[in-house]
Amino acid sequence: MGKLLIKLFIKDHKNVKDPAVRESYGKLAGIVGIISNLFLCSLKIIMGLISSSISIIADGINNLSDASSSIITLVGFRLASQPEDKNHPYGHARIEYLTGLFISIFIIIVGALLMKSSVEKIIHPQAVRFTVITILILVIAIFVKLWQTFFNRSIGQKIDSLTLKATATDSRNDVITTSVVLLGVLITKFTGIVVDGYLGVIVALFIIWSGIQLIRETSSPLLGEAPDHDLVKQIAQLSMAHEGVLGIHDLVVHNYGPGKIFASIHIEVDADGDLMDSHDTIDNLEKELSDALHIELVAHMDPIRVNDPLVHRLRDEVKSVISGMDGVVSMHDLRIVPGPTHTNIIFDLVISSSCELSENEIHDRVEKEIRKTDPSYNVVITYDRAYTSLSSAS
């Protein structure tokens, strides 16, 4: 049914990289969520009132919160698709992350209110009236929520939407909570033990826990998380595939929301090669990667000495020294600056976040080994933190 809805209501539905198509997917998911959740909410609250079951009412109110979340999703996709303006030159795509955060907070608030009602039901228990219709409604709700889970997950993966992936997780959690409510009704029917209030507490705790988990997931991109590993790998592979590219390093990726990724990278070329040819290679590389990966890429050209024997020898020596240092990933941009009393050996070292050596310790160990070649050598190191798995080929 999900595929049918997509074909009916989304034009050019296969072109998911198109911002307009992506927005249409978000709108469809929001509208479907509103309609289906309001339907379930009405059924459960009516049946909960008839049967005096706080856990069924709690589950129904949870569906109401899901409907509200779908409204927020709908509005969020609309706002996130707004074009760049004077105050937001990188667009508004991060609103989609804010939307997910608002949904998460709303879920926690609803869970807290349901917890209060459930505790009151434990203190002042009421008999739950069992009917076949109650069971039927709960079973229908479970199947509807299962369908919502697969529908939202499918769209979330198709358009790479963190908000819809979170919505799919929330729907999956609803399947679990409604199943718990159904179990409680059956326990009361066949044993006479009233567990309604206790199950209401379980449902409320599960809702609160889900909200906390969703906050962690949706806030991570806003705080600035590490770039996607596959994206980094693709950038490296496509860059190194260009003739004349000797190495790459200093990749920086900024995520301004789905479809709004900006990146910069340093490209190493032969310092003795033709300047215009190297510049043309960099221009072609920028355009190819931007088009292929749907990002905005800026490449900086770093000339390196390919035919200088001294540079080669010192680079090999530095690599030999750092190979025994845990957490030191690679080196790049080695230059030699001679002077009347000493010679500076200047280069960058890429250090992983797990490196336990201090910068002073690394410097002293490298300089000690380099000075065995020539006591006049001074080592000058710039330290780069490796927040991606990309390292220089030089």
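The values are calculated or read from the model by the stated rules, or taken from the named source; none is laboratory data. None of the values given here were measured: they were computed from a predicted structure. Please note: Cβ atoms are built from the backbone with ideal geometry, for glycine as well, and neighbour counts cover all protein chains shown.
General remarks:
- Pair list, Cβ < 6 Å and 6+ apart or interchain, from region 1-19 residues that are under 16 Å from residue 77 (Cβ atoms) and in the same structural domain as residue 80 (by TED's automatic domain parsing) to residues that are polar (S, T, N, Q) and not in a loop (DSSP other than H, G, I, E, B): 10/24
Residue-wise test of (1) more than 20 Å from residue 224 (Cα to Cα); (2) of a type in the set (Asp, Glu).
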{"position": "251", "(1), (2)": "no, no"}
{"position": "258", "(1), (2)": "no, no"}
{"position": "266", "(1), (2)": "yes, no"}
{"position": "269", "(1), (2)": "yes, no"}
{"position": "277", "(1), (2)": "yes, yes"}
{"position": "284", "(1), (2)": "yes, no"}
{"position": "291", "(1), (2)": "yes, yes"}
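- Assessment of region 330-339 against the conditions (within 18 Å of residue 267 (Cα to Cα), at pLDDT below 90 and among the polar types (S, T, N, Q)) yields at least one matching residue.
- Residue 244 vs. criteria part of a loop (DSSP other than H, G, I, E, B), surrounded by 15 or more Cβ atoms within 10 Å (Cβ to Cβ) and in contact (Cβ under 8 Å) with a residue 24 or more places away in the chain: yes
- Test: residue in region 225-238 that is assigned to a helix (DSSP H, G or I), touching a helix residue (DSSP H, G or I) at 6+ places or on another chain (Cβ under 7 Å) and small (Gly, Ala, Ser): no
- Looking only at region 76-98, and only at residues there that are among the polar types (S, T, N, Q) and modelled with pLDDT of 80 or more, the one that is surrounded by the most Cβ atoms within 10 Å (Cβ to Cβ): 82
- Considering region 277-326, and only residues there that are aliphatic (A, V, I, L, M) and in a strand (DSSP E or B), the residue that is surrounded by the most Cβ atoms within 10 Å (Cβ to Cβ) turns out to be 297.
- Test: residue in region 85-95 that is farther than 24 Å from residue 20 by Cα, of a type in the set (A, V, I, L, M, F, W, C) and in a loop (DSSP other than H, G, I, E, B): no
- Scanning region 9-32 for residues that are modelled with pLDDT under 80 and over 25 Å from the mean Cα position of the chain (by Cα) gives 9, 12.
- Residue match in region 33-47 (condition: surrounded by 21 or more Cβ atoms within 10 Å (Cβ to Cβ), under 25 Å from the mean Cα position of the chain (by Cα) and part of a helix (DSSP H, G or I)): yes
One line per residue, one yes/no per condition, for (1) modelled with pLDDT under 85; (2) of a type outside the set (Ser, Thr, Tyr); (3) out of contact with any Lys or Arg (no Cβ under 8 Å at 6 or more places or on another chain):
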{"position": "206", "(1), (2), (3)": "yes, yes, yes"}
{"position": "210", "(1), (2), (3)": "yes, no, yes"}
{"position": "221", "(1), (2), (3)": "yes, yes, no"}
{"position": "228", "(1), (2), (3)": "yes, yes, yes"}
{"position": "240", "(1), (2), (3)": "no, yes, yes"}
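- Verdict on residue 215 being touching a residue at least 60 places away in the same chain (Cβ under 8 Å) and of a type in the set (A, V, I, L, M, F, W, C): yes
- Hey, residue 215 over 18 Å from residue 261 (Cβ atoms), within 23 Å of the chain's Cα centre (by Cα) and assigned to a helix (DSSP H, G or I) or not: yes
- Being in contact with a Gly (Cβ under 6 Å, 6 or more places away or on another chain) and either surrounded by fewer than 22 Cβ atoms within 10 Å (Cβ to Cβ) or within 26 Å of residue 15 (Cα to Cα) (or both) holds for only one residue in 151, 143, and it is 151.
- Some residue of region 263-273 being within 30 Å of residue 22 (Cα to Cα), buried (at least 16 other Cβ atoms within 10 Å of the Cβ), modelled with pLDDT of 85 or more and not assigned by TED's automatic domain parsing to the domain that holds residue 97: yes
- Of the set (1) surrounded by 18 or more Cβ atoms within 10 Å (Cβ to Cβ); (2) touching an Asp or Glu at 6+ places or on another chain (Cβ under 9 Å), all apply to residue 122 but (1).
- Count of residues meeting criterion [closer than 30 Å to residue 125 by Cα and of a type in the set (D, E, K, R)] in region 179-226: 2
- Flag if residue 345 is hydrophobic (A, V, I, L, M, F, W, C), surrounded by 15 or more Cβ atoms within 10 Å (Cβ to Cβ) and within 15 Å of residue 376 (Cα to Cα): yes
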